[in-house]
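Encoded as structure tokens, the structure appears first; notes follow it.
The values are calculated or read from the model by the stated rules, or taken from the named source; none is laboratory data. Keep in mind that this is a model prediction, so the values were computed, not measured. Heads up, the Cβs are rebuilt from the backbone with ideal geometry, glycines too, and the neighbour counts pull from every protein chain shown. With ligands, DNA and RNA removed, areas are computed over all heavy atoms of the protein, side chains included. Shrake-Rupley method; radii C 1.70, N 1.55, O 1.52, S 1.80 Å.
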Number of protein chains: 2
Amino acid sequence: MLSHKAKYALKALLYLAEQDEDHISKTIEIADGANIPKKFLEQILLDLKRGRFVSSKQGKFGGYYLIKSKNDITLAEIHRLFDGAIALLPCASLNFYERCLDCKTEEECSLRHGLMIIRDETLKAMQNITIASLIKK
Amino acid sequence: MLSHKAKYALKALLYLAEQDEDHISKTIEIADGANIPKKFLEQILLDLKRGRFVSSKQGKFGGYYLIKSKNDITLAEIHRLFDGAIALLPCASLNFYERCLDCKTEEECSLRHGLMIIRDETLKAMQNITIASLIKK
DNA sequence: TATAAAATCTATCAATTTGGTAGGGTTTTG
DNA sequence: CAAAACCCTACCAAATTGATAGATTTTATA
């Protein structure tokens with residue numbers, strides 16, 4: 001399941017993607033528009049900025065805006081940024097790999113192969129869902 | 001990600017599936033064989049029993065055994081039993097549906113449609129991974 | 001029938017994660 | 001120069017997770 005953070009991030013990105021080109025959105029505007037607690041949203045927007053999905057302008061009339069095309073922001077990326085691995089176990093993960101400590105031998109654990117198949121399928125599907133694809137319905 | 005419970009459950013089922021037909025496995029035997037903390041495994045086996053994947057015999061020479069074919073136990077079922085919904089949000093779930101409370105209108109939330117696509121793909125993949133498929137490698 | 005072995009039940013617990021809130025500080029700009 | 005916004009750090013309560021502990025019930029058999 002997605003965390004609230006990831007869900008809010010997607011909704012915030014959706015909000016930004018729906019604005020006119022060159023429009024800068026204030027935090028409070030996004031919070032109201034997407035129904036997200038403002039202070040919580042602040043942290044999320046900072047994460048999105050660190051992830052180079054959005055950028056910001058400070059000072060009066062400042063705010064946030066997309067710096068990545070809505071066609072290029074995928075569910076997979078947002079999931080990884082906020083919720084980490086897409087695979088079901090760390091030993092089957094591409095980006096968050098860790099060895100299974102409870103597997104007796106150092107060989108592959110019995111689950112790994114199957115979970116890598118799941119990961120590939122899920123990843124493929126998640127890379128197909130973009131912010132743009134969520135808008136046009 | 002899978003919880004330890006779900007992971008241990010899969011490993012325990014794998015262990016049981018690899019035994020001879022009619023063999024009854026004691027908890028301690030499964031715990032040692034699959035490297036699972038014994039007391040924790042006890043709870044998991046009870047859950048698997050309630051889920052009708054295994055049955056048990058009490059008393060001396062008792063233990064656990066599969067009552068569902070290893071070809072019919074899927075990753076999807078184990079995920080649902082221990083970790084709940086497969087969908088990324090409750091509003092996109094088949095078995096654990098709940099309305100999005102933070103969506104302003106009562107209509108579908110903007111994420112729902114995309115997440116249902118992911119759910120379908122993931123579910124299909126997870127239903128293809130059975131205990132039997134994990135054994136033959 | 002006593003006893004040993006095994007499942008089963010009920011409670012508890014520490015650590016971590018989650019979903020926030022609070023309160024400032026810093027930077028920019030009218 | 002002050003307002004408006006970003007930015008940062010800390011804290012907090014509730015829930016979840018990953019167990020452990022101990023008592024009880026059931027069963028086979030010596």
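Which value, in debye to the nearest 20, describes the size of the charge dipole of the stretch A:75-135 about its Cα centre when Lys and Arg Cβ atoms bear +1, Asp and Glu Cβ atoms bear -1, and nothing else is charged?
Details: 6 positive and 9 negative charges, 24 e Å.
The calculation lands at about 120 debye.
Residue by residue along A:110-123, Cβ atoms of other protein chains within 10 Å of the local Cβ number 5 on average.
Shortest first, A:Ile24 label-point distances to identical copies amount to 7.5 nm, with the label point at 7 Å from Cα along Cα→Cβ. Computed with every protein chain present, the accessible area of A:Lys7 is close to 20 Å² [probe 1.4 Å]. Surface composition of the protein assembly as shown: carbon and sulfur make up 49 percent of the accessible area, probe 1.4 Å. Between copies, A:Asn128 shows label-point distances of 1.3 nm, shortest first, with the point placed 7 angstrom from Cα along Cα to C-beta. Sorted from closest to farthest, the other copies place their B:Asp102 label points 3.1 nm away, with each point set 7 Å from Cα along Cα→Cβ. Solvent-accessible area per residue in chain A equals 55 Å², computed with a 1.4 angstrom probe and all protein chains kept. The charge dipole of the stretch B:4-66, taken about its Cα centre with unit charges on the Cβ atoms of Lys, Arg (+1), Asp and Glu (-1) only, comes to about 400 debye. With a 10 Å cut-off around each Cβ of A:79-86, the average count of Cβ atoms from other chains is 1.
Nearest 100 Å² is fine: what is the total accessible surface buried where chains A and B meet, probe 1.4 Å?
3100
A probe of 1.4 angstrom, applied to the heavy atoms of all protein chains, finds B:Ile131 with accessible area near 0 square angstrom. Heavy-atom accessible surface of A:His23, to the nearest 10 Å², is about 80 Å², with a 1.4 Å probe and all protein chains retained. Each Lys and Arg adds +1 at its Cβ and each Asp and Glu adds -1 at its Cβ; summed about the Cα centre, the protein assembly as shown shows a dipole of about 420 debye.
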